[in-house]
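Since the structure comes first, as structure tokens, the remarks are kept for the end.
Every number here is computed from the coordinates shown, using simple stated rules; none is lab data. Remember, predicted model here, so these are calculated numbers, not experimental data. All Cβ positions, even for glycine, are placed from backbone atoms using ideal geometry, and neighbour counts span all protein chains on display.
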Amino acid sequence: MKAQGSTQHLIELRDVVKTYSTAAGDFTALKNINLQIEAGEFLGVVGKSGAGKSTLLNMITGVDHLSEGEVIVHANGAPVSVHKKKEDEIALWRGQTMGVVFQSFQLLPMLTLVENITLPMDLCGNFNPKQSRQRAIELLRLVEIEEHADKLPAYISGGQQQRVAIARALANDPLILIADEPTGSLDSITAEHIFEVFERLVSEQGKTIVMVTHDESLSTRFSRTMRITDGELETRPLESKSKSADEAGSNPKRRLSWWRRK
């Protein structure tokens, strides 16, 4: 969680611009984005399709090149200017610093669940094969799906696949989780369970999560919410977390066990 008295942001976006060249001319997807994200924060970015949500995440992770500006991550005691790294360096750094959860899960269909989770550990070389399998089983146990460890993704439900995707994102114990519409393809009850997983990762493990969504109803669930419209960020006023918690107490869906299987 954020250290008392600390003024150093975990993630900083400084005047970030992303412009794509198209047959119809240049299209600016992000316009002078300035954003500071604190350690231990659960930041939600809400916007419609095409507003620039996924592009924003790609700038933070370094998956895509920015056109102007800078992204700085203060991880492991040293600031890193993400887009100044070489391609091979940034891939390794990202694997050790960030976990990414996608709307479409993106599990490899020919690998078992446990193999999907050990893969990022093997790529980063943080664990030997025995340790990586043991950690993968522990992560599957964390999301209460360990009994399916040796199944292929096709043999479990969508909600279970998203749990595996979260476990995979946690494989290298990253400081930061990036979630791109992780509940967008799930039914409402399963989506609620998955969202509660993220809430627990913040409150119990001190993870920093940046999640984008088109779902306006989630706005009061984040510790802070930003709205993105046509590539521009604006602060979105929030109800207090305490009020949201009181309302959740009267919502039968939110009283369901956060690890209930779907």
Problem set entry | Cα-based shape type of segment 79-199, given that a ≥ b ≥ c are square roots of the gyration tensor eigenvalues and the cut on a/c is 1.5 | oblate
Seminar exercise, completed: Only helices counted: for the chain, with every DSSP H run of 4 or more residues adding -39500 (n - 2.57) and the sum spread over all residues, [θ] at 222 nm is -10000 deg cm²/dmol
Exercise. Please identify the trypsin sites (Lys or Arg not before Pro) of segment 16-107 that satisfy two criteria: DSSP loop assignment and at most 14 other Cβ atoms within 10 Å. Which are they?
Worked result: Lys48, Lys86
Exercise. In which sequence would Val80, Val73 go, from the one with the fewest C-beta neighbours within 10 Å to the one with the most?
Worked result: Val80, Val73
Seminar exercise, completed: Taking r as the C-beta separation of Glu146 and Lys84 and R0 as 41 Å, the FRET efficiency to the nearest 0.05 is 0.50
Exercise. Relative contact order for the chain using alpha-carbon pairs under 8 Å, separation at least 6, rounded to a whole percent?
Worked result: 25
Exercise. Normalised by the residues of segment 9-87, what does the relative contact order come to in percent, with Cα pairs under 8 Å and at least six apart?
Worked result: 35
Problem set entry | Environment charge of Thr55, counting only residues whose C-beta is closer than 9 Å and scoring Lys/Arg +1, Asp/Glu -1 | +1
Exercise. Which GluC sites (Glu not before Pro) from segment 109-149 combine a DSSP loop assignment with at most 16 other Cβ atoms within 10 Å?
Worked result: Glu144
Seminar exercise, completed: The percentage of Cα-Cα pairs in the chain separated by more than 28 Å is 35
Exercise. Under a plain spin-label model, where a point goes 7 Å from the Cα along Cα-to-Cβ, how far apart in nm are Tyr155 and Glu68?
Worked result: 5.4
For this session: For a footprinting-style exposure proxy, rank Phe102, Phe42 by other Cβ within 10 Å, fewest first.
Result: Phe102, Phe42
